[in-house]
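Participant: Got a structure for you, questions after.
Values in this text are rule-based calculations from the coordinates and carry no lab data. Note that this is a predicted model, so its numbers are computed, not measured. No Cβ is skipped: glycine too gets one built from the backbone with ideal geometry, and neighbour counts run over all protein chains shown.
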Amino acid sequence: MNDLLLSELHSEQKALLSSLALIEEHVFGQAPKTQQVLAPLISECQLAIEGIEEPMARAECLINELYVGQLFLDNERVLWPVISHQLTAAIDYKIIAPVLKAAVLQHIANACELEAELVYVPEKVMVRIICDDIYSIIFDPISGESITGQQLDERLDELEVEPGQAYLNAMEPQSIIVEYLSSLKQALINELLFDKALKCVDLLLALRPDDPFERRDRGFLLHQLDCFKVAYDDYQFFVKQCPKDPAAQLLKLQLDQITIAETVLH
């Protein structure tokens, strides 16, 4: 594991998008052209909101420019492809994975002198643009659609937040990084890029040591890469930590059929 990379990811001074770019470079071996692809977008957005003084109107104009003028509008997908997690290709093809897209939107809004942050509304990472001490716009990074106060309260009920409490704390950078890594890992597994997916799992375990589900996924990936001896230990860890999980019960039956001799031979 790259200690320098981990240090950068833990740094509070590191901008979120810069952290995601470092992860992309670590996984794919090539850094995204962040400045090259975002500078024209930022310039056009700044031009679109020029002369608008009222914060709410500026925010609404920016969102319209991004989703209509810059074609950021997209639909929900069950699985987002690997290229949607790679900044340069994602921007070029306008297929941007939700967490990466949220980070890009935050970066552009801040560059346009609007205060933006990411918040977790059950099941989704969303973008919040703060207009003043009272009003803000929370919207879905995929579609650009904002949610009403009532919709927010209904979703917050799932988090057991008291009714009427419309305020959400901004997500911590590491939580966003974990969301991005998890999404990228699933995309890589889906496209059978197991060696790169393993890099994501290793980073996730460095950020969340001994997470049983990440250990399970590392076991799966090591197994696919013909490293069953090491995979066996991860599988065993998952089974012991999550004995009631249906996947663990099935895995235990499979592991019970493997002798120690067979494990050593692998």
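Participant: Using the per-residue mean of other Cβ atoms lying within 10 Å as a proxy for protection, in what order, highest first, do the peptides 244-255, 63-74, 173-184, 31-42 fall?
Facilitator: Details: 244-255: 12.8, 63-74: 16.8, 173-184: 20.7, 31-42: 14.8.
Ranking the peptides 244-255, 63-74, 173-184, 31-42 by packing returns 173-184, 63-74, 31-42, 244-255.
Participant: To continue, here is another question. Calculate the length of the line joining the C-alpha centroid of the stretch 61-134 to that of the stretch 169-217, in whole Å.
Facilitator: The distance from the Cα centre of the stretch 61-134 to that of the stretch 169-217 comes to 20 Å.
Participant: Now for a separate question. Would you please classify the overall shape of the stretch 210-265 from the alpha carbon gyration tensor, given that a ≥ b ≥ c denote the square roots of the eigenvalues, rounded means a/c under 1.5, and beyond that prolate means a/b larger than b/c while oblate covers the rest?
Facilitator: On the way: a/c = 2.07, a/b = 1.27, b/c = 1.63.
The shape class here is oblate.
Participant: Using a Förster distance of 30 Å, how high is the FRET efficiency between R208 and D92, based on the Cβ-Cβ distance and rounded to 0.05? List each step's numbers first, then the result.
Facilitator: Working: r = 32 Å, r/R0 = 1.07.
Efficiency, rounded to the nearest 0.05: 0.40.
Participant: Projected onto the charge dipole of the chain (+1 at Lys/Arg Cβ, -1 at Asp/Glu Cβ, origin at the Cα centre), which of L255, I138, A57 gives the Cα projection farthest towards the positive end?
Facilitator: The listed residue farthest towards the positive side: L255.
Participant: Counting only C-alpha contacts under 8 Å and six or more residues apart, can you give the relative contact order of the chain as a whole percent?
Facilitator: On the way: 310 pairs, mean separation 36.7, N = 266.
Result for the chain is 14 percent.
Participant: Using mean Cβ contacts within 10 Å as the protection proxy, how do 140-153, 15-28 order, highest first?
Facilitator: On the way: 140-153: 15.6, 15-28: 19.1.
Packing proxy ranking, top to bottom: 15-28, 140-153.
Participant: Which is farthest toward the positive dipole end of the stretch 174-266 among Q241, F228, L184, measuring Cα position about the Cα centre, with Cβ charges +1 (Lys, Arg) and -1 (Asp, Glu)?
Facilitator: It is Q241.
Participant: Hey, another quick one. Under a point spin-label approximation (7 Å from Cα along Cα-to-Cβ), what is the K33-F237 distance to one decimal in nm?
Facilitator: Using points 7 Å along Cα→Cβ, the separation is 4.0 nm.
Participant: I would also like to ask the following. Please give the helix 16-28 orientation as an angle from the longest Cα principal axis of the chain, in degrees from 0 to 90, rounded to the nearest 10.
Facilitator: The angle comes out at about 40 degrees.
Participant: What's the percent breakdown of Cα-Cα distances in the chain across 5 Å bins, shortest bin first?
Facilitator: Binned Cα distances yield the sequence 1, 5, 12, 14, 16, 15, 12, 10, 6, 4, 3, 2, 1, 0, 0.
Participant: Could you give the size of the charge dipole of the chain about its Cα centre, using +1 on the Cβ of each K and R and -1 on the Cβ of each D and E, expressed in debye and rounded to the nearest 20?
Facilitator: On the way: 20 positive and 43 negative charges, 231 e Å.
With only Lys, Arg, Asp and Glu charged at Cβ, the dipole is about 1100 debye.
Participant: What does the stretch 3-157 give for Rg and for Dmax, in Å, if only its C-alpha atoms count?
Facilitator: Rg, Dmax (Cα atoms, Å): 15.7, 46.
Participant: Among K14/K94; K33/K101; K101/K196; K33/K94; K229/K252, which pairs are too far apart, with a Cα-Cα distance over 19 Å? Please list the in-between numbers first.
Facilitator: Values: K14/K94 26 Å; K33/K101 15 Å; K101/K196 21 Å; K33/K94 15 Å; K229/K252 16 Å.
In this structure, K14/K94; K101/K196 exceed 19 Å between Cα atoms.
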